[in-house]
Amino acid sequence: MDYSEKVKLFSHEYNRLFDRLYKYVRVRVNSVSDAEDIVAEAITAGFAGLNNFDSQKGTLEQWMIGVTKFHLFNYWKHLCSQVDFDTLENKLSDLNYQENLVSKFFWEKIMSSVSPEIQTLLIMKFSEEMTYQEIAEAIGKNSATVRQIFSRLFKKIRLEIGEELYE
């Protein structure tokens, strides 16, 4: 498929693609305006990179979902640097197994002790309030793997911060 055919396909599929991408992002992002921005960035990037689309490797929709995932991950990474620890603490305090992690000191210690990838997962879980299944779909893993990641993370937190927080 040459470039002009790709442009025609993109133009023909635009409305359906936009709706599909918006639904994909909206279930993963709480803010309507943020979801719209992410989709707009993904559509713009997808069109600009249309030469990279290979119809033999998948459909235009599949390719655009990949482009959208990239922009969604960038959004979550950006959120990591702008976390409102006070709000996040309130959300954490609503969870029985995390009740004692309401102190800003402890939450900042947790965030500083994990990799940026794990910070992103924490933001997805506690700030964006995504389920394990939604996180799994977003990062391309199965939900059992995501649960295992969080289980190991909580074990690490208990070891580093102390069992007394969980008693």
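Throughout, read-outs are computed from the coordinates displayed, never taken from laboratory work. Predicted model, so just to flag it, every value in this text is computed and none were measured. So basically every Cβ, Gly included, is an ideal-geometry build from the backbone, and we count neighbours across all protein chains shown.
Electrostatic bookkeeping for LEU21 treats Lys and Arg as +1 and Asp and Glu as -1; over the other residues with beta carbon under 13 Å from its beta carbon, the sum is 0.
Would you mind ranking ARG28, ARG20, ARG152 so that the residue whose beta carbon has the fewest other beta carbons within 10 Å leads the list? Spell out each step's value before the answer.
Details: ARG28 21, ARG20 16, ARG152 11.
Ranked by crowding around the Cβ, least crowded first: ARG152, ARG20, ARG28.
Taking the Cα centre of segment 3-77 as origin and assigning +1 to Lys and Arg Cβ atoms and -1 to Asp and Glu Cβ atoms, the resulting dipole is close to 200 debye. With both labels modelled 7 Å from their Cα along Cα-to-Cβ, the ARG20 to VAL114 distance reads 3.2 nm. Local charge for SER31 was computed over the other residues whose Cβ lies under 13 Å away, with Lys and Arg +1 and Asp and Glu -1, and equals -3.
Length gained on full extension, GLU36 to VAL7: 8.2 nm, using 0.36 nm per residue less the C-alpha separation. For a straight C-alpha distance cut-off of 28 angstrom, the lysines reachable from LYS6 (same-chain residues fewer than eight places away being disregarded) are LYS23, LYS57, LYS69.
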